[in-house]
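> Below is one structure. I have some questions about it.
The values are calculated or read from the model by the stated rules, or taken from the named source; none is laboratory data. None of the values given here were measured: they were computed from a predicted structure. Please note: Cβ atoms are built from the backbone with ideal geometry, for glycine as well, and neighbour counts cover all protein chains shown.
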Amino acid sequence: MIGLCCWAQDSAPSQSGLSATWQTGVGFWNGRFWKTLDDSQKRIFLFGYANGSHFAVFKTTTTFPEYKRFHETLWPTILTYDETKAALDRFYETPENGPVSISDALQVTAARAKGTAEDVVQKFILELRAAASK
């Protein structure tokens, strides 16, 4: 995870101009950044994110049911990495989703993968867009 963070920081130009739009207001990588990555870089990002989110959930939950519930909210556990990458690519094809953080887009992907009703997912996406515009 540390290596991924260093790679991401080193490969991003200074925060001016276009690259300044690659992160949310609180510093999370967003869809604009995602779209600059090639397929290999996207896989590396997803491997690092999955490992980091797994570690964070493991360290902050006390029971397996609690762990499972949080993990399944943050990561689409039934999808492969390539399917997850494809889902994020589709999510960010919509220009209005560009400012939404990758971590939030992964929650949308996880919700869809679990079979959450699309009207509920769309409401969540609207909330994410509104939050990203602040």
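> For segment 49-81, give me each residue that is farther than 13 Å from residue 106 by Cα and either in contact with a Pro (Cβ under 6 Å, 6 or more places away or on another chain) or in contact (Cβ under 8 Å) with a residue 40 or more places away in the chain (or both).
Within segment 49-81, 51, 52, 55 meet the criteria.
> Look through segment 62-82, keep the residues that are of a type in the set (A, V, I, L, M) and surrounded by 14 or more Cβ atoms within 10 Å (Cβ to Cβ), and return whichever of them is modelled with the lowest pLDDT.
Out of the qualifying residues, it is 74.
> Please determine, by comparing only the residues of segment 108-130 that are part of a helix (DSSP H, G or I) and without any contact (Cβ under 8 Å) to a residue 12 or more places away in the chain, which one is farthest from residue 77 (Cα to Cα).
130
> Would you be able to say whether some residue in segment 83-103 is among the aromatic types (Phe, Trp, Tyr) and surrounded by 19 or more Cβ atoms within 10 Å (Cβ to Cβ)?
Yes - at least one qualifying residue is present in segment 83-103.
> Which residues, counting only those in segment 62-107, are assigned to a loop (DSSP other than H, G, I, E, B) and among the aliphatic types (A, V, I, L, M)?
Of everything in segment 62-107, those that are assigned to a loop (DSSP other than H, G, I, E, B) and among the aliphatic types (A, V, I, L, M) turn out to be 78, 79, 100.
> Mind checking which pairs have a first residue in segment 93-107 that is within 10 Å of residue 33 (Cα to Cα) and a second that is among the aliphatic types (A, V, I, L, M), Cβ under 6 Å, 6 or more apart or different chains?
From segment 93-107, the pairs are 99/132.
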